[in-house]
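What follows is a single structure, written as structure tokens, with notes after it.
What follows draws every value from the coordinates through simple rules; no lab data is involved. Here the structure is a predicted model, which is why all the values come from computation and not from measurement. No Cβ is skipped: glycine too gets one built from the backbone with ideal geometry, and neighbour counts run over all protein chains shown.
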Amino acid sequence: MRTAENVGAVVNFATAHWLSTVVIFLFIAITIGLLLGDGTPNYKQYPFVGQGLLKPWLNWSTADRWRIHELEHTVFEKILDETVVLLNDEANFVFAKEVGDITDWKQFKTMELSSKLVHYISNRILVGPELCRRADYRVATESLNMSHVIFGTLWNFISLGPFRKTFYWVFSIPYRMQIRRAMDKYIVPIVKERMAKNSDEIFHGHLDTIQLMVEMPHADPKEVDAFRHALRLLHLHFASTGSTIGLVHNAIWQLLKIPECVGPIRAEIAAVLEKYGSWDSKHTLNHLHLLDSFVRETLHVHIPSALVFLRVAQQPLTLHDGFHLEQGTRITFPAQSIHFDPSNYENPRDFIPFRFSSSGPCDCEADSSAKDVGRVKAEAIDQTYLPFGYGKQSCPGWQSSPEASPITRFFAIRVTKLILGRLIYEYDMKKTDDFPPNPISGSMEGFFLPVKKFDVFLRTRASHLDA
């Protein structure tokens, strides 16, 4: 009876003082939320990533539910520097095997060379030491990449109407079987072994995407599965290297087109290597500002896709200026037109290799902070530079496809700078007689296709023979 009286008294007080009751309730709820979190994952490896009751409702995006935008910088900043030594070790192996010491001019197919260098070096971080140098695994993934293009792109030109999904499902059966065979033979056994030993601290020494997937907290328990991990990884082979291969290809074309820029870049590399010791230092790639500018300008003039942010309005939407989008409206942004807008860049269509490098010697500290006015890194995004997208939906990886997540754009730029830097510093390059007038052969659904009939002559510089 007394309990009922107490409850009644509380109800009467709350009714009489409803405003105070609401304030007290909200204060208690917010306090509990701040202390206990809001139901989003807690990453014990990175306790300094914030959370709170109100967090999911502020500047909401799909990725925010799992705090991807916070984890990108927290996790990858720590990991990326550690990848440099591994990438350079793999670069030593790949350059020695695929290029080697060349005493006289040797002709290479540029697209094939770019593909091998990017694919093989990136494999060290994608799949780790168990697979990255296996010839049969390389052949299998290269075959999958070609199948991905055929089954995922070329059929888009066939008008199938309402039968498109059914047609795709039936005729992609061979592709799906090819994927499953590759997963079962190469990746699933390694993923299962890593999952079984995930509690082993020694095993956490692996620095590759397989280990990141195994250790990553998942929203749904069914995602903690070797098959699903393997499937994601195979998608990454195409998603994380395709555009990077095109970037290296286009950059080589530009180096041959404007050979006078090789000398300054080569001199900068020599100075940075003398200061920081070797390509193994995390500071070496961070301080190659002329090369950074060259890569950024390559992406500015030869953007991978003319269009970015391809979206479909899921519901009617009116923008801040009154522009109305009906449900189902397809929208995109003209990235190439923005890059070539004279109000955004001076002489926007001209390739100016050191447009973003500022002038004078670098006065940056070892932490890689670019303090000089006008100096911009290749991976830095803004409203007029859109190869990676923009805003909270910008590419954490190289967003040639939605699967590109664990490999960040910072990783892609590191791989590109390592490959180009070593080509420039260790080799002489020259054109062939049939040098193409443009590095692009055409486009497919807005994506620019590198020209395949493009060769390059390489010769090891005298200072690097048998080095």
Inset, instruction - Quick one: which residues, 5+ away or cross-chain, put their amide H under 5 Å from the amide H of residue 444? H built at 1.01 Å from N. - result: 449
Inset, instruction - Output the direction-averaged projected area (hull surface divided by four) of the convex hull of the alpha-carbon atoms of segment 410-458, in nm². - result: 4.6 nm²
Inset, instruction - Provide the per-residue ³J(HN,Hα) series for segment 109-122, in order, calculated from phi with Karplus coefficients 6.51, -1.76, 1.60 and θ = phi - 60°, each as a whole number of Hz, with x at glycine and proline positions. - result: 6, 5, 5, 5, 5, 4, 4, 5, 4, 5, 5, 6, 5, 5
Inset, instruction - Provide the three semi-axes, in whole Å and in decreasing order, of the ellipsoid equivalent to segment 263-340 as defined by the square roots of 5 times the Cα gyration tensor eigenvalues. - result: 44, 14, 10
Legend entry - Label-point gap, in nm, between residue 18 and residue 271 - each point 7 angstrom along Cα→Cβ: 7.2 nm
Inset, instruction - Pull up all non-local amide H partners of residue 325: gap of 5 or more, or a different chain, and H-to-H distance under 5 Å with H placed in the peptide plane. - result: 317, 318, 319
Legend entry - ³J(HN,Hα) computed for each position of segment 95-107 - Karplus, 6.51 cos²θ - 1.76 cosθ + 1.60, integer Hz, glycine/proline x: 4, 5, 7, 8, 10, x, 7, 10, 7, 10, 4, 10, 8
Legend entry - Which listed pairs, of 192/452; 106/275; 97/452; 106/257; 109/417; 109/257, have C-alpha distances above 28 Å, in listed order: 192/452; 106/275
Legend entry - Relative compactness, segment 233-368, computed as alpha-carbon Rg over 2.2 N^0.38 Å: 1.38
Legend entry - Sorted largest first, extent of segment 203-272 alpha carbons per principal axis (Å): 56, 25, 17
Inset, instruction - Would you mind ranking 206, 119 so that the residue whose beta carbon has the fewest other beta carbons within 10 Å leads the list? - result: 206, 119
Legend entry - Table column - 3J(HN,Hα) (Hz), segment 298-313, Karplus curve with 6.51, -1.76, 1.60, x for Gly and Pro: 4, 6, 5, 7, 10, 4, x, 9, 5, 10, 9, 6, 6, 9, 10, 5
Legend entry - Ranking of 146, 111 by count of other Cβ atoms within 10 Å, fewest first: 146, 111
